[in-house]
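Since every read-out is calculated from the coordinates, none of them should be taken as a lab result. In this text, all values refer to a predicted model and were calculated from it rather than measured experimentally. A quick note on method: Cβ atoms are made from the backbone with ideal geometry, for glycine too, and the neighbour counts reach across all protein chains shown.
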Amino acid sequence: MVGERGRAFVPGVLWVPAVLGLGLVALPVLGLVVRTDLGEFPEHVSSPGAVSALWLSVRTAGVATLLCLVLGGPLAVVLARVRGLRVVRALVLLPLVLPPVVGGLALLYLLGRSGLAGEVLDAAGIRVPYTTAAVVLAQTFVAMPFLVVGLEGALRTAGARYEAVAATLGARPWTVFRRVTVPLVLPALGSALVLCFARALGEFGATITFAGSLQGVTRTLPLEVYLLGETDVDAAVSVSLLLVVVAVAVVALVKPRTQ
C-alpha cells in the first residue's frame, strides 16, 4: 500500500528520464560483468598484488572515514549553526569541483619537502608524501565534503528548536549536542559516512599524485587497476569488478535503513 501511494505522487513524465538515468549508471557495470572472464576471475583477484591493494584500500578508506567524522562532523555543525560563513563553506566544498589530481598537487605543495608545512616536518624528520599516511590524507581530502554536505543539510532541516528548548531547560552546550543534536542526525550521519568510505575507496587522482604507487605502501585498488590496464586488460577488468563488488557490499550492508 505504501509503495502504491508513493507511486501516485510520481508524475508519469518522470519515469522515462528516471529509467534512462538508471541505465546510465547500471549498464556500464553490466558491461564490466559481461567482459569479465569468470574462469580466470578467482586467479586475478587472489593475486598478491590485488589482495595487497584491496587490504590497503579498505584499511586506508576506513581511517580516512574516521578522520572525516572527527574533523568534518564538527565542521558541519559549525556551518549549520553559525551564520556568515559562506567563504568557509565554499572552501570546504572545493574538493567536490577540483580535479583530484589538483588536490594531490595541493597536498604535495603543502606537505612536500618544499611545501608550506613540509619544510618544518622535514626538519623534524617527518615525511608524509609517498607514504601510507599520504594515501589517508588524499582520501580524506576528497571524501570529507560528502560528510559535511550531508550532515549540514540534515542539521538545517532538523532546525534548532529542540536544541533551544534543551538550552532553556538548563542543559549545557555539550549536553545539548550529545543528547539532542547527535540523535537527530544519526540516520544522515550514517549515510554520509557510507558515502565518505565509498569515495575514499575509489580515490585515484589525488592518491597517485601525492602518494605515488608503491606496492603494499600506497598502491590502492584503483591504482592496481590502472597499472594492470597497461599490461593485462583481463586482470584489470577482474580487479575492477572486485572493486565494484566491494563498493556495493559496503553500501548495501552499512547504509542505515531509512524506511
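Which net charge results when you count Lys and Arg as +1 and Asp and Glu as -1 among the other residues whose beta-carbon is under 14 Å from that of E43? Surrounding charge for E43 is -4. In this label model, L27 and T175 are separated by 5.9 nm, measuring between points 7 Å along each Cα→Cβ vector. Remark: relative contact order (region 104-173) = 16 percent; criterion is Cα-Cα distance under 8 angstrom and separation of 6 or more residues. For the pair L96 and V78, label points projected 7 Å from Cα toward Cβ lie 1.9 nm apart.
For the chain, the relative contact order comes to 29 percent (Cα pairs under 8 Å, sequence separation of at least 6). When D122, D37 are arranged by Cβ crowding within 10 Å, least crowded first, meaning fewest neighbours, the order is D37, D122. Taking other C-beta atoms within 10 angstrom as a stand-in for reagent exposure, S114, S213 fall in the order S114, S213, fewest first. As a calculated quantity, the FRET efficiency between L186 and E43 at R0 = 41 Å, using C-beta atoms, amounts to about 0.45. Just to confirm my numbers, what's the Cα centroid distance between region 88-127 and region 51-87 in Å? Taking the Cα centre of each part, region 88-127 and region 51-87 sit 16 Å apart. Would you mind getting me the FRET efficiency between L20 and R156? Use the beta-carbon distance for r and R0 = 51 Å, nearest 0.05. Taking R0 as 51 Å, the efficiency between L20 and R156 is 0.95.
Cβ-to-Cβ counts within 10 Å put E163, E43 in ascending order as E43, E163, the fewest first. Can you compute log10 of I(q)/I(0) for the chain with the Debye formula, treating each Cα as one identical point scatterer, at q = 0.14 Å⁻¹? The calculated log intensity ratios at q = 0.14 Å⁻¹ are -1.09. If you take all other residues with their beta carbon under 12 Å from the beta carbon of P100, and give Lys and Arg +1 and Asp and Glu -1, the sum is 0. The sum of -39500 (n - 2.57) across all DSSP H runs of n ≥ 4, divided by the residue count of the chain, sets its helix-only mean residue ellipticity at 222 nm to -23000 deg cm²/dmol.
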